[in-house]
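The values are calculated or read from the model by the stated rules, or taken from the named source; none is laboratory data. These numbers come from a predicted model, not from an experiment. Because the Cβ atoms are built from the backbone with ideal geometry, glycine has one as well, and the counts that use them run over all protein chains shown. These accessible areas exclude ligands, DNA and RNA; they are computed on the full protein's heavy atoms, side chains included. Shrake-Rupley method; radii C 1.70, N 1.55, O 1.52, S 1.80 Å.
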Amino acid sequence: MITISLCMIVKNEEDVIGRCLESVKPAVDEIIVVDTGSSDNTKEEAKKYTDKIYDFTWIDDFSAARNYSFSKASMEYCMWLDADDIFTDEDLKRLISLKNSMENDVDVVMMKYNTAFDESGNPVFSYYRERILKNNGMFLWRGRVHEAIAPSGKIFYSDAAVSHKKVKSGYGDRNLKIYERQLKDGEEFSPRDMFYYARELFYHEQFKKAVDIFNCFLDIGMGWIENNIEACRFLAYCFYSLGEPDKALESLLRSFKYDLPRAEVCCDIGKHFFEREFYKIAVFWYKEALAAERNDLSGAFVMSECYGYIPAIQLCVCYDRIGDTEEAEKYNLIAGQYNPKSEAYLKNLEYFKNKSNHK
């Protein structure tokens, strides 16, 4: 059996840190909490679970804080969580099973990170992250923001997942300010930094500047394939916000330069034509989305609804607008197979029932 140190960095998380630690404590041998300047009762809550609590002066660098937390670990492996993450009961069982059965020649354990959920609580947005790493000093966090460790050595993909259950609302400007400080300090941006900096600009509605940075990122030609595809999608969103839909469509089509069409992109293109009432063209793209191969192991941000529910429900609407009720009803039933509690699906059932009664 391997041993695991849970390593966390926290600040003002008194509302959620207990929930997080309670959900994972049966699976870990050590809990390390690094506080970066809390002004609430975060540390008091953490003391209910561990006495290994350390202070770290915040220097606008998430990697520095995470590396410090790893440096305090004494077990064979380090695992990281954010305070608003949890393990469900089922995923905790999977994690414990992994711990009991995994050979210690594994260097990195990848786990799915579920960050958005449907009406039934099923994950609809997820991606794999490096979650458990051998505590041998070889794995270091890099990047001031959206920090990551490049997996290497023997990598194992676990069926256990971490669920991100955010409580705080709103999107602050902390990350954008860190990137701006990085620029001011003259610190070189990696391609990954450029991608995430452009995303921050988009989230803060600085669309023209975001377009410039996304294009610079793509033109350099050194980005990871999945980030390239995602950059094309965000470029499109920028152009829609700037009132340039033709450039938005060109940006979405640009993603095909990097790999086979992703269902997410096909849904975006389908939406483009749907909103302009070109329903037959929209049908083509939604069918492409429905047929696209899903690859969770790619490391991409996977919107699971784009591989089933969204194209199916949109095909229902498209065929109804075209006047093909039979096809519309068929695709609504398909959408219901993916999400039987969907409000749109249930309303459509009533719609088609009433439509049939009036024939």
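G323 meets the conditions (1) within 27 Å of the chain's Cα centre (by Cα); (2) open to solvent by 40 Å² or more (accessible area, probe 1.4 Å) in every case but one. The failed one is (1).
Applying the set (1) assigned to a helix (DSSP H, G or I); (2) touching a helix residue (DSSP H, G or I) at 6+ places or on another chain (Cβ under 7 Å) to R294 leaves exactly one unmet item: (1). Among the residues of the range 281-295, those identified as within 30 Å of A148 (Cα to Cα), of a type outside the set (K, R) and open to solvent by 30 Å² or more (accessible area, probe 1.4 Å) are E293, N295. Looking for something more than 19 Å from the chain's Cα centre (by Cα), in contact (Cβ under 8 Å) with a residue 12 or more places away in the chain, within 16 Å of L253 (Cα to Cα) and surrounded by 20 or more Cβ atoms within 10 Å (Cβ to Cβ) - is there at least one such residue anywhere in the range 297-313? Checked the range 297-313: no residue is more than 19 Å from the chain's Cα centre (by Cα), in contact (Cβ under 8 Å) with a residue 12 or more places away in the chain, within 16 Å of L253 (Cα to Cα) and surrounded by 20 or more Cβ atoms within 10 Å (Cβ to Cβ).
Filtering the range 148-169 for residues that are of a type in the set (F, W, Y) and in a strand (DSSP E or B) leaves a non-empty set.
Just need a number here: residues in the range 126-142 that are surrounded by 19 or more Cβ atoms within 10 Å (Cβ to Cβ) and in contact (Cβ under 8 Å) with a residue 24 or more places away in the chain. Residues in the range 126-142 being surrounded by 19 or more Cβ atoms within 10 Å (Cβ to Cβ) and in contact (Cβ under 8 Å) with a residue 24 or more places away in the chain: 9 in total. Candidates are the residues of the range 236-278 that are assigned to a helix (DSSP H, G or I) and under 18 Å from the mean Cα position of the chain (by Cα); the one that is nearest to R199 (Cα to Cα) is Y237.
Taking the stated definitions as given, is A231 touching a His at 6+ places or on another chain (Cβ under 9 Å), open to solvent by less than 90 Å² (accessible area, probe 1.4 Å) and assigned to a helix (DSSP H, G or I)?
Numbers: touching a His at 6+ places or on another chain (Cβ under 9 Å): no; open to solvent by less than 90 Å² (accessible area, probe 1.4 Å): yes; assigned to a helix (DSSP H, G or I): yes.
Criteria not met by A231.
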